[in-house]
Structure formats: C-alpha cells, structure tokens
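Participant: Got a structure here, written out as structure tokens. Questions coming.
Just so it is clear, none of the values below were taken in a lab; they were calculated from the coordinates. Everything quoted here is computed from the prediction, not taken from an experiment. Cβ coordinates were reconstructed from backbone atoms using ideal geometry, including for glycine residues, and neighbour counts include every protein chain displayed.
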Amino acid sequence: MIDEKTAARPGVREKAPRPTPRSDRSFYSSGKAFGRFGIRSFAPQVMAEAHSHGHIEFNWLTHGTMDYMFDGGSATVGAGRLVAFWAGIPHQTTGLSPETAEGRQLNIYLPMDAFLEMPQLGLLTETLMGGGVIQLNPDCIGLETLERWHQDYRSGNALRTDIVRAEIGTMFRRAAITGWDTLLPAWVEKTGPRTRTGSPVRYVVRMVRHIVENISDPLSAEDIARVVGLHPNYATNLFTKVMHISVQKFVTRMRLIRARSLLFDGSLSIANVAFQAGFVSQTQFYEHFRKAYGMTPSQMRKDTIEG
C-alpha cells in the first residue's frame with residue numbers, strides 16, 4: 001500500500017531497507033584462516049603484490065584474459081568460465097589483455113570452513129586444497145546466475161545470502177560429478193619445482209579431511225597426527241603453518257559450522273545438535289557458540305525460522 005503522505009510530496013524517495021546484520025561477522029574477523037563470505041564486481045586490475053586469505057575464491061571475467069601467479073605456478077584465466085582456487089595459496093594477477101578493459105570481473109569469496117563442510121565433493125576438495133586451479137564447465141554456472149547471486153548478496157538480507165551459499169554448494173556438487181578443466185595441477189599431482197612445497201600441504205589435506213569426516217568423534221592431536229604418520233608436535237606445527245590456525249581451533253571452528261548447519265533442521269534438539277557436532281557437553285557448546293556468533297543456538301534458530 002502506498003503511503004499517502006509520501007506520495008503527496010514529489011521528490012521524496014523511499015529509503016532502502018537497512019542490511020540485516022550477520023551473526024557471524026565477528027566469527028570471520030578473528031584471523032586470516034577463514035574470511036567472511038562476499039561477492040564483488042569490479043574493473044579487472046593487476047595486483048601490486050601477491051596476497052592470501054581464508055577463502056575458496058571464484059573469478060569470472062566478462063571479457064579478455066588475465067595472467068595469474070600461484071606460489072610459483074602460472075595460469076591464464078579466460079572470459080566466460082568460472083575459475084576456482086584456494087586463496088590461502090599466495091596469488092597475484094600479473095597481466096591483463098587489452099580486451100579486459102571492456103568488461104568486468106566478478107569475484108566470489110567462500111569461507112574456507114564453509115567449503116570444507118560441503119559433502120560429497122571428493123577429488124574436488126583435494127584438488128583445491130592441494131593448490132590446484134580449476135575452471136568449471138559451462139553447464140555448472142552462467143553469468144545470469146552469478147549476477148543474481150551478486151544482487152542477493154548486495155540486498156543485505158542474511159537469508160538471501162544463505163540461499164546463495166547453498167546454491168554454491170549445489171554448483172560444486174555438480175562440478176564434482178561432471179568434472180572440470182585444470183588450469184594448474186594440484187601440488188600433489190605435479191612433479192617439478194612445486195613438489196617440495198606441496199609435500200607438507202599433502203599431509204595437511206589428509207589431516208583436514210580426517211577432521212571433517214570425523215568431526216562428531218573425539219579428535220586429539222595424537223589421533224590426527226597418526227593419520228599421516230607424523231610426530232604430533234611436527235604435525236600440529238605443520239598444520240598451523242599451512243592453515244594459519246591451530247588444529248584445536250580448527251576443530252572447534254568446524255564443529256561450530258556443523259552445528260550452525262544442523263540448527264536449520266528444526267527437528268533436532270539443541271542437545272542433539274551439540275552431540276552431532278562433536279561437543280562433549282552443552283555447556284561447552286553454548287560457550288563456544290555464543291562467543292562465535294554473539295547469540296545462543298536457540299536465538300539463532302528462532303531468528304532463522306521467523307526471518
């Protein structure tokens with residue numbers, strides 16, 4: 001219904017709704033291991049230096065090509081295909097073709113922990129975690145869908161953003177089935193200069209996979225190190241160096257991500273959510289959850305259901 005007072009005053013514009021504050025803002029601002037979800041559209045540009053951050057990053061060019069460096073490996077990204085890589089690997093745009101000036105670049109930043117929580121990705125997870133750079137098939141995603149995701153994200157509505165994240169998971173599952181093109185092989189698949197760097201990453205990938213697959217079980221540093229046959233001290237130090245977070249904090253982080261996902265299933269009690277996410281007690285669960293999200297599990301469930 002149109003407000004008559006507003007309609008009677010020419011030139012008065014209705015204010016856009018204020019963005020809904022996300023409960024996980026502080027959760028994703030406490031370190032560089034995991035970044036917050038985001039989508040940007042901008043003019044392609046050469047980067048002054050390499051950087052790294054806690055996401056799976058997606059790039060889409062509308063025109064031209066751009067040259068990338070990934071910790072010693074080079075790749076050229078073309079237009080009209082979605083490229084994905086682990087942004088925890090130092091990366092830098094080093095060159096642009098003249099045609100890129102005619103278009104735009106659209107980037108998606110998916111938090112690393114949210115990616116690791118996605119099930120049934122198999123080799124796709126190992127490829128990206130191992131430093132591979134892939135290009136998704138055209139039937140997985142198109143520009144129209146990417147632009148809709150960008151608008152959903154810019155709306156400031158947390159529920160619309162959650163839908164986008166769910167659709168990204170579906171896109172990844174399709175890619176895991178239909179395959180992808182490899183622009184730069186994973187370290188563990190390649191012989192040459194990158195092999196020496198890739199060797200410790202291979203151990204970390206196996207530790208990460210073990211944690212994610214057994215998140216509801218007790219997970220000690222000794223158990224995790226045993227999976228890769230390394231001394232616990234060496235294994236945990238290696239994990240921290242590669243992932244920019246300690247094993248203990250990583251386990252807690254993944255349990256919180258699992259719990260948040262389970263909360264959206266209204267049929268589970270809070271006690272069952274805590275148990276299935278691997279917390280030893282409800283007290284421990286509530287303490288970690290409130291610290292991470294700024295609210296109790298019950299409050300998050302209520303806010304989600306009521307919108």
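Participant: With r as the distance between the Cβ atoms of R36 and Y286 and R0 = 25 Å, compute the FRET efficiency 1/(1 + (r/R0)^6) and round to 0.05. Spell out each step's value before the answer.
Facilitator: Details: r = 23 Å, r/R0 = 0.93.
Efficiency for this residue pair is about 0.60.
Participant: Modelled label-to-label distance, F264 and R148, 7 Å Cα→beta-carbon offset: nm?
Facilitator: With each label placed 7 Å out from Cα toward Cβ, I get 1.7 nm.
Participant: Residues of region 199-231 with amide nitrogen under 17 Å from the 7 Å Cα-to-Cβ point of K241?
Facilitator: In region 199-231, the label zone of K241 (backbone N under 17 Å from the point 7 Å along Cα→Cβ) covers 199-208, 225, 228-231.
Participant: Once you put a point 7 Å from the Cα of S298 and another 7 Å from the Cα of S52, both along the Cβ direction, what distance in nm separates them?
Facilitator: 4.3 nm
Participant: Label points 7 Å out from Cα along the Cβ direction at K249 and E99: separation in nm?
Facilitator: Between K249 and E99, the simple spin-label model gives 4.4 nm.
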